[in-house]
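Working notes, beginning with the structure itself.
A short reminder: the numbers here are calculations on the coordinates, not readings from a lab. All of these numbers come straight from a predicted model, not from anything done at the bench. Heads up, the Cβs are rebuilt from the backbone with ideal geometry, glycines too, and the neighbour counts pull from every protein chain shown.
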């Protein structure tokens with residue numbers, strides 16, 4: 001969470017200052033920035049897309065029951081894969 005904040009604010013403040021205020025190392029921040037997204041983060045993002053799609057369909061008149069079932073199934077798949085968010 002700290003690194004995300006630094007990434008968002010680095011256009012307004014020097015990374016050196018942001019890291020000092022948030023008590024993280026610059027090397028830690030730059031290491032985080034270089035790494036690609038983890039498999040878990042990608043799976044969580046994809047799950048979010050699926051949940052939003054189901055939610056959108058439910059607002060178009062699809063039954064609430066189908067939305068609930070889809071959310072329960074998605075949560076089960078997430079828990080089984082080790083993604084907790």
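Odds and ends about this structure:
- Extended-chain gain in nm, criterion 0.36 nm per residue less alpha-carbon gap, residue 25 and residue 1: 7.2 nm
- The slack between residue 52 and residue 17, meaning 0.36 nm per residue of separation minus the straight C-alpha distance, is 8.9 nm.
- Exposure proxy order (Cβ contacts within 10 Å, fewest to most) of 47, 22: 22, 47
- For the pair residue 32 and residue 10 in one chain, pulling the backbone fully straight at 0.36 nm per residue adds 6.5 nm over the alpha carbon distance.
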